[in-house]
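K.L.:
Sending over a structure as structure tokens; questions will come in a sec.
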Amino acid sequence: MKRVLFFLGQLNDRDVEWMIHNGNKLELPAGYQLINKGQSIDSLFIVLSGQLSVFSDNNFRNTVAKLEAGEVVGEMSFLESRPPSVHVVATKPSVVYQISRDVISARMAENSEFKSNFYYALALFLSNRLRKTTDQLGYGNPEEEDLIDNNILDVVAQAGSRFGQILHRFSEV
């Protein structure tokens, strides 16, 4: 859950409200392939409920990660415009928030503050994910895994409220 807090904590209320109104909810049955390795994607996703698994192989045997509520998915392809290097499959019935790259790009073109905040949010999110991966590979310091920079702690409560807004909005639809 805390990963979405890194992301939403860097956006302001107007930006989150804009995202709520410009994205949509996808309900995924178990087994649904949200992202296919090597095939371009055109959206960014936030897991609202359920569980997704990340697979590195085409046989879906090598699970890289399990993603649950609060995870951001598709961020690397969003940043690089390169096809994903993994498959992402719903392993349980899941609900995800989806917003298209074109919609986000249009907002960035008209609002430089949103652009700056959005990229900073992605940078914090990816930094946290890299630290976790480093720890899992045995090169980091596992005791520090749950530590959060004091500057980020200031916005965590607000980010939790924003994630709650997204959950509430898409539970109504």
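K.L.:
For the range 10-24, which positions are touching a Leu at 6+ places or on another chain (Cβ under 8 Å) and farther than 19 Å from SER43 by Cα? Explain how you work it out, then say what you get.
P.N.:
Residues of the range 10-24 that are touching a Leu at 6+ places or on another chain (Cβ under 8 Å), as a first pass: 10, 16, 19.
Within the range 10-24, GLN10 is the sole residue that qualifies.
K.L.:
Next question. What do you reckon, is LEU5 within 13 Å of the chain's Cα centre (by Cα) and under 17 Å from LEU167 (Cα atoms)?
P.N.:
Values: within 13 Å of the chain's Cα centre (by Cα): yes; under 17 Å from LEU167 (Cα atoms): yes.
Yes: the conditions hold for LEU5.
K.L.:
Turning to a different aspect of this structure: Which pairs have Cβ atoms under 6 Å, sit 6 or more apart or on different chains, and link a residue in the range 32-49 that is of a type in the set (D, E, K, R) to one that is not in a loop (DSSP other than H, G, I, E, B)?
P.N.:
LYS37/HIS87; ASP42/SER100; ASP42/ARG101
K.L.:
Mind listing whichever residues of the range 69-90 are surrounded by fewer than 19 Cβ atoms within 10 Å (Cβ to Cβ) and touching a residue at least 60 places away in the same chain (Cβ under 8 Å)?
P.N.:
ALA69, the sole residue that qualifies.
K.L.:
Taking helices (runs of 4 or more DSSP H) that fall entirely within the range 1-106, which contain at least 1 residues that are out of contact with any helix residue (DSSP H, G or I) (no Cβ under 6 Å at 6 or more places or on another chain) and closer than 21 Å to LEU130 by Cβ?
P.N.:
Here the list reads 2-8, 75-80.
K.L.:
Collect the residues in the range 39-66 that are of a type in the set (A, V, I, L, M, F, W, C) and open to solvent by 50 Å² or more (accessible area, probe 1.4 Å), keeping them in residue-number order. Break it down stepwise before answering.
P.N.:
Start the filter on the range 39-66 by keeping residues that are of a type in the set (A, V, I, L, M, F, W, C), which leaves 41, 44-48, 52, 54-55, 60, 64-65.
The answer is PHE60, VAL64.
K.L.:
Regarding ASN36, is this residue open to solvent by less than 60 Å² (accessible area, probe 1.4 Å), within 18 Å of TYR120 (Cβ to Cβ) and not charged (D, E, K, R)? Spell out the reasoning first.
P.N.:
Values: open to solvent by less than 60 Å² (accessible area, probe 1.4 Å): yes; within 18 Å of TYR120 (Cβ to Cβ): no; not charged (D, E, K, R): yes.
So ASN36 fails the test.
K.L.:
Among the residues of the range 74-132, count how many are at positive phi and more than 14 Å from the chain's Cα centre (by Cα).
P.N.:
1
K.L.:
Assuming HIS21 fulfils every condition listed in (1) at pLDDT 90 or above; (2) within 21 Å of ARG162 (Cβ to Cβ); (3) in contact with a strand residue (DSSP E or B) (Cβ under 9 Å, 6 or more places away or on another chain) apart from one, which condition is it?
P.N.:
Of everything listed in (1) at pLDDT 90 or above; (2) within 21 Å of ARG162 (Cβ to Cβ); (3) in contact with a strand residue (DSSP E or B) (Cβ under 9 Å, 6 or more places away or on another chain), HIS21 misses just condition (3).
The values are calculated or read from the model by the stated rules, or taken from the named source; none is laboratory data. Because the structure is predicted, anything quoted here is derived from the model rather than measured. Methodologically, a virtual Cβ is constructed for each residue, glycine included, from the backbone with ideal geometry; neighbour enumeration extends over all protein chains shown. Side chains included, ligands, DNA and RNA excluded: accessible areas come from the protein's heavy atoms. Shrake-Rupley method; radii C 1.70, N 1.55, O 1.52, S 1.80 Å.
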